[in-house]
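Enquirer: Quick one: this structure, given as structure tokens, is what I'll be asking you about.
The values are calculated or read from the model by the stated rules, or taken from the named source; none is laboratory data. In this text, all values refer to a predicted model and were calculated from it rather than measured experimentally. Here the Cβ positions follow ideal geometry from the backbone for every residue, glycine too, while neighbour counts run over all protein chains shown. Note: accessible area is taken over every heavy atom of the protein model, side chains too, but ligands, DNA and RNA are not part of it. Shrake-Rupley method; radii C 1.70, N 1.55, O 1.52, S 1.80 Å.
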Amino acid sequence: GGVAGKYIHAVAWLRALKATFDHERLAAETGEAATSYEMVFSAYEDAPLLGLDDLGAHKHSDWSDEQFDLLIDTRWRKALPTIVTTNLGLDNLAGSMATRERIASRLQDRQLSQVLRLQGADYRITSS
């Protein structure tokens, strides 16, 4: 037995959250059930394992940074395994987010985290 988990690109996760705003508005107008923000957020917040790809690739705003901070902080508090990939170093990632110290701190918590730095040429540029 493996562990069931979820994987999503950081930008796609933000889009999924934003899409719930339209769903909730339309549901209120039509009386139909809608996928709520809380349903989408909790699916990733509570996943036994989460893969969050390309953190830092999103357009930064107070709202988007707050969503990532809340997701990572909640998972850190629950000690849920989270795999985060980024093309940025933690210093660069931290420098690009309004909530940088909190996110970088939680990603580097030595009791719960292991940072792996993979180095090499960008295969998208070097492959022929």
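Enquirer: Leaving out ligands, DNA and RNA, and with a 1.4 Å probe, what % of the accessible surface on the chain is carbon or sulfur?
Expert: Here it works out to 52 percent.
Enquirer: While we're on this one: How large is the accessible surface of Thr86 in square angstrom, using a 1.4 angstrom probe and rounding to the nearest 10?
Expert: Here the accessible area works out near 50 Å².
Enquirer: Stokes-Einstein diffusion coefficient for region 1-74 at 37 °C in a medium of 0.692 mPa s, Rh from the Kirkwood formula over Cα pairs: what value in µm²/s?
Expert: Approximately 246 µm²/s, per Stokes-Einstein.
Enquirer: Using 0.36 nm per residue of separation minus the Cα-Cα distance, give me the extension gain between Ala4 and Asp46 in nm, one decimal.
Expert: 14.0 nm
Enquirer: Let me ask another. Which order, highest average first, do 101-108, 25-32 follow once you tally other Cβ atoms within 10 Å for each residue and take the mean per peptide?
Expert: 101-108, 25-32
Enquirer: To continue, here is another question. What do you get for Rg/Rh over the chain if you use C-alpha atoms and the Kirkwood form of Rh?
Expert: 1.02
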